[in-house]
Amino acid sequence: MNTAFDTDDNMRDLYRELILDHARNPRHFGKMDDATHCADGINPLCGDKLRVYLRVNEDQLIAAAGFEGSGCAISVASASLLTDLIIGLPSSQARNYYSAVTQRLSNPDTIVAEPDSIDLGKLKALDGVREYPSRVKCATLAWHAMNSALNNQSTPVSTE
Amino acid sequence: MTNAQKKRSHEAAIEVYRQDFPALQQTISDHPLVYLDSASSAQQPVSVIEAVAEYQRNDHSNVHRGVHTLSHRATEAYEGARDKIQGFINAASRNEIIHTSGTTESINLVAQSHCRPLLSAGDKILTTELEHHSNIVPWQLVCEQTGAELLVVPIDDRGQLDLDEFDNLLTDDVRFVAIGHVSNALGTINPVKEIVEKAHAFDIPVLVDGAQGVPHMQIDVQDLGCDFYAFSGHKMYGPTGTGILYGREKLLEAMPPYKGGGDMIIEVSFNGTVFNELPYKFEAGTPNISGVIGLGAAVDYLQSVDLQQIARHESWLLDYMTQEIGKIDGIRLIGTAENKAGVQSFLLDDIHAHDLGTILDHQGVAIRTGHHCAMPVMSFFKIPGTARASLALYNNTADIDQLIVALKKAQQLFA
């Protein structure tokens, strides 16, 4: 399959199977009625809007995470990977991931090393966007929304 | 003629124009550039690039001020562009041609200087669901400032205005009508002449947003009968940061200045200031001299080509593009009005337009993706955005064929 792109490394780097899989079948997708935190992320460039839901328990553990909205393959896959990753983490650790991911994707010239205690794992599948400045915003949209939700900001965050 | 012969004859006719545009002679990711985003910004012919460079190289100085040779040359070229534009759109007087930074500023100028002083609570402004944000937000702002209300003429599922509803909304309370000539998102050509006639029957002035009209057809503002016509230089093969507001002289004379500053005055003292006459009253500050000179060169270029032949070519190429895109399984065409300019919006399978744009770019094909600054149109179709291919005089069937190849590759990647 995908013979047209066999020699087309850049496109395959951006749209890896893992990304396409999460875009087609986003995990934890849908409205969450018992969320304790929730925030919208808006990408004004394309009008995409994602809402990230979190349920944080009294031990400050993220017991549940989910999202809804519409977006491109990159933004949906990133949101799906985010929710997969942060469920079960302390909220402070989710913030560490937020910093690690946004810094890594926003610095095309240097790969920002993974800080101690952070294993980016599957999130490295998003590295392809580093070559596409206009798409970094897509990949970080859900992350900004999650951070804003944890900060209890009520206004939507924008990636512009 | 067979289809193949027709195709060849169209290619031959425009090949000569293609050569005038240096930007088209490049490759992107090892593919020849296929530029299908002229509705965002059209490429510039070498004559425009050279006119700007010539001013920068030899004539750079300020206009309307100096007694020296360079200032004379700059003033002559800058004011010469005004005369060219007057002729180009057949305005009755050069005083009716105001240089602005683009369509957006032209519309804001009318909203603030013409409408704002005349509006009060209960008054209505009429616009349409088809508009670009630049023909919506300035009216929302002036409504907020005055208590007036913005009424919206709806569209049908082909992207055409509901003219019956326009008639219903056109009442004695309406003080102003603002309508696009051609929809940037869908390519629909609106019957502006008819709309102007109807509005004038109620003595209501009409502004036409011509940003997408001027590049595709010969504009005669006197024949259209509109009171204001706004357009941008960079969509008609000129530089960015240039634009025109055409306005009827009587209306412009009655309007207060939009911005204050140098060049728009005759005398300034702290006891009072005497404003300059038209058109300078609306051109405060040092203008975009090089840009306007480039715009003048763009008008020269458009007058040197056969505009009717180009209009026929664009119309033929639009049909070809729509037909070829339509053959792809999983394509949904957005905007299928009967009367259209060279724009086609579409969606492919459930691939997000943004992904499509990136994949096409990788095949050298430049299209616009997203909401096209026309969010109400997207809301109408219940979609976040579209992919949009738009045509200019330099596009040929090879461009369309490469677009189709790239779309099929995107489809394979997402299969």
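What follows draws every value from the coordinates through simple rules; no lab data is involved. Everything numeric in this text was worked out from a predicted model, so none of it was measured. Here the Cβ is made from the backbone with ideal geometry for all residues, glycine too, and neighbour counts use every protein chain on show.
With +1 on each Lys and Arg Cβ and -1 on each Asp and Glu Cβ, and nothing else charged, work out how big the dipole of chain B is about its Cα centre, in Debye to the nearest 20.
I would put it at about 720 debye.
Ordering B:His216, A:His28, B:His114 by the number of other Cβ atoms within 10 Å of each residue's own Cβ, fewest first, gives A:His28, B:His114, B:His216.
Chain B has equivalent-ellipsoid semi-axes of 36, 28, 18 Å, by the square roots of 5 times the alpha carbon gyration tensor eigenvalues, sorted largest first.
Taking other C-beta atoms within 10 Å as the exposure proxy, B:Val274, B:Val52, B:Val405 rank B:Val274, B:Val405, B:Val52 from fewest upward.
Among B:Asp172, B:Asp306, the order by Cβ neighbours within 10 angstrom, fewest to most, reads B:Asp172, B:Asp306.
Which FRET efficiency, nearest 0.05, do A:Lys31 and B:Asp157 yield, Cβ-Cβ r, R0 30 Å?
The computed FRET efficiency comes out at 0.55.
In this structure, the amide hydrogen of B:Phe275, modeled 1.01 Å from its nitrogen in the peptide plane, lies closer than 5 angstrom to those of B:Ile266, counting only residues at least 5 positions away or on a different chain. For the pair B:Ala398 and B:Ala13 in one chain, pulling the backbone fully straight at 0.36 nm per residue adds 137.2 nm over the alpha carbon distance.
Looking at region B:276-351, the trypsin sites (Lys or Arg not before Pro) that sit in a DSSP loop and have at most 15 other Cβ atoms within 10 Å of their own Cβ are B:Lys327.
Translational diffusion of region B:53-190 was estimated from the Stokes-Einstein equation, with Rh taken as the Kirkwood radius over Cα pairs; at 37 °C and 0.692 mPa s the coefficient is 186 µm²/s. In summary, region B:268-415 shows an alpha-carbon radius of gyration equal to 1.45 times the 2.2 N^0.38 Å reference for compact globular proteins. With both labels modelled 7 Å from their Cα along Cα-to-Cβ, the B:Val305 to A:Asn107 distance reads 4.7 nm.
Taking every DSSP beta bridge that has both ends in region B:153-290, the antiparallel portion is near 60%. Here the 3J(HN,Hα) profile of region B:408-413, calculated from phi with Karplus coefficients 6.51, -1.76 and 1.60 at θ = phi - 60°, is 5, 5, 4, 4, 5, 4 Hz, Gly and Pro shown as x. Here region A:34-122 is treated as an ellipsoid with the same Cα gyration tensor; its semi-axes, largest first and in whole Å, are 21, 20, 10. A cut-off under 13 angstrom between Cβ atoms defines the neighbours of B:His132, and their net charge, with Lys, Arg +1 and Asp, Glu -1, is 0. For region B:96-106, the Karplus equation 6.51 cos²θ - 1.76 cosθ + 1.60, evaluated at θ = phi - 60°, returns couplings of 8, 10, 9, 6, 10, 8, x, 4, 4, 5, 4 Hz by residue, with Gly and Pro reported as x. Taking each DSSP H run with n ≥ 4 as -39500 (n - 2.57) and averaging over every residue of chain B yields -12000 deg cm²/dmol at 222 nm. Within the protein assembly as shown, DSSP assigns beta bridges of which about 70% are antiparallel (rounded to the nearest 5).
Any chance you could check the Cα centroid distance between region B:72-133 and region B:185-247 for me, in angstrom? One Cα centre to the other: 10 Å.
Estimated at 0.36 nm per residue, the fully extended path between B:Leu70 and B:Lys6 surpasses their Cα-Cα distance by 18.0 nm.
Among the chymotrypsin sites (Phe, Trp or Tyr not before Pro) in region B:242-325, those placed in a DSSP loop whose Cβ has at most 10 other Cβ atoms within 10 Å are B:Phe270.
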